[in-house]
Amino acid sequence: MLKNYIKVALRNILKHKTFSFINIFGLALAMSVCLLVILMLSDQLRYDRFNTKKDRIYRIVTYKGGRQPYATSPYPTGAYLKQNYPAIEEAALSCQPLLAMQSRANISPPSKATSRNLRSSGSSTSNW
C-alpha cells in the first residue's frame, strides 16, 4: 500500500513539475525560516541563565544615529557609572580581542587608553 502511494506521488510530481517545484520550494523555505526563528528565540531566552544573580545583570545599549541599538558604549562608561551611581556594585568591560582586529585591518596596536586620557581629550562626561 505504501509502495502504491509513493508511485502515485512520484507520477504527480513528474506530471506537474512547476506546481510541484513551487510547493516543495515553499515548504523548504517555510521550514528553514521557522527553524531560524526558533534558534534565535532559544538563544535570546538562554542569555545569562547560568549566573546565579542574573536578575541583577544589566547591559548598556546605545543608539547611534538611528533606531538600531548597539551593545557598545564608550570605554569610560563603566567607571563613570560605578563612581556616580551608588546602586551599581560592579561594572565589567568586554571587548573584541586585539589580535583579531589587527589581523583583519593589518594595523599597529593602539596605545593604552585610560578613562583619564579619554576624558581629557575633549569628550564630556556630562552627556552620559
> Here are some conditions: (1) open to solvent by 100 Å² or more (accessible area, probe 1.4 Å); (2) in contact (Cβ under 8 Å) with a residue 12 or more places away in the chain; (3) among the hydroxyl-bearing types (S, T, Y). T77 meets all but one. Which one does it not meet?
Replying inline: (1)
> Within segment 1-59, can you find the residues that are within 30 Å of E89 (Cβ to Cβ), among the aromatic types (F, W, Y) and surrounded by fewer than 10 Cβ atoms within 10 Å (Cβ to Cβ)?
Replying inline: F50, Y58
> Which condition number in (1) out of contact with any strand residue (DSSP E or B) (no Cβ under 6 Å at 6 or more places or on another chain); (2) open to solvent by 70 Å² or more (accessible area, probe 1.4 Å) is the one that Y70 fails?
Replying inline: (1)
>> Out of the residues in segment 51-85 meeting the condition of being of a type in the set (A, V, I, L, M) and in a loop (DSSP other than H, G, I, E, B), tell me which one is farthest from the chain's Cα centre (by Cα).
In response: I57
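The values are calculated or read from the model by the stated rules, or taken from the named source; none is laboratory data. Since the model is a prediction, treat every value here as computed from it, not as a measurement. A quick note on method: Cβ atoms are made from the backbone with ideal geometry, for glycine too, and the neighbour counts reach across all protein chains shown. We work out accessible area using only protein heavy atoms, side chains counted, and drop any ligands, DNA or RNA first. Shrake-Rupley method; radii C 1.70, N 1.55, O 1.52, S 1.80 Å.
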